[in-house]
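Here is the structure we will look at.
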């Protein structure tokens, strides 16, 4: 009798563990980075959502701007400047650029980072995807766009998504 109770207890525990192990886990957060070239600058957009069928929760935009592309975008006035000249101008103006981007996108300055190396400036903007962000991107209030729809749309728009 004692052995049959022990066997039943072991069988019950094994069944419980097997049941727990076969329960599907909640899907983890999904994230994709979509990248394109824009006038010699690399623009990457990282999209994050709880799962593919949900709306995105965060957008991180990364702009990698080689000094040569910045010089070209500035036109004739900057044509004679070297990369070192461009770097010097940018080093003294990082706070100004961050303030302008902050007010333009409606994000806190702390959400923007800038890093300079020998030949480029990289700026990253971290944005929570909310009604204000939707309005900024021309998405009407109440319109729901899922992570999958946005990634598919980015692919169709010439971005390479990974």
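Among 146-154, 106-114, sorting by the average number of other beta carbon atoms lying within 10 angstrom of each residue, highest first, gives 146-154, 106-114.
Sort the following peptides by mean Cβ neighbour count (other Cβ atoms within 10 Å, averaged over residues), highest first: 55-62, 134-141, 94-101. Walk me through the numbers before you get to the answer.
On the way: 55-62: 17.0, 134-141: 11.2, 94-101: 13.9.
Per-residue Cβ counts within 10 Å, averaged per peptide and sorted highest first, yield 55-62, 94-101, 134-141.
Based on Cα contacts under 8 Å between residues 6+ apart, region 30-161 shows a relative contact order of 30 percent. Multiplying the residue separation of residue 28 and residue 79 by 0.36 nm and subtracting their alpha-carbon distance yields 13.5 nm.
Read the figures in this text as sums done on the coordinates, not as results from a lab. Since we're looking at a predicted model, the values are computed, not measured. All Cβ positions, even for glycine, are placed from backbone atoms using ideal geometry, and neighbour counts span all protein chains on display.
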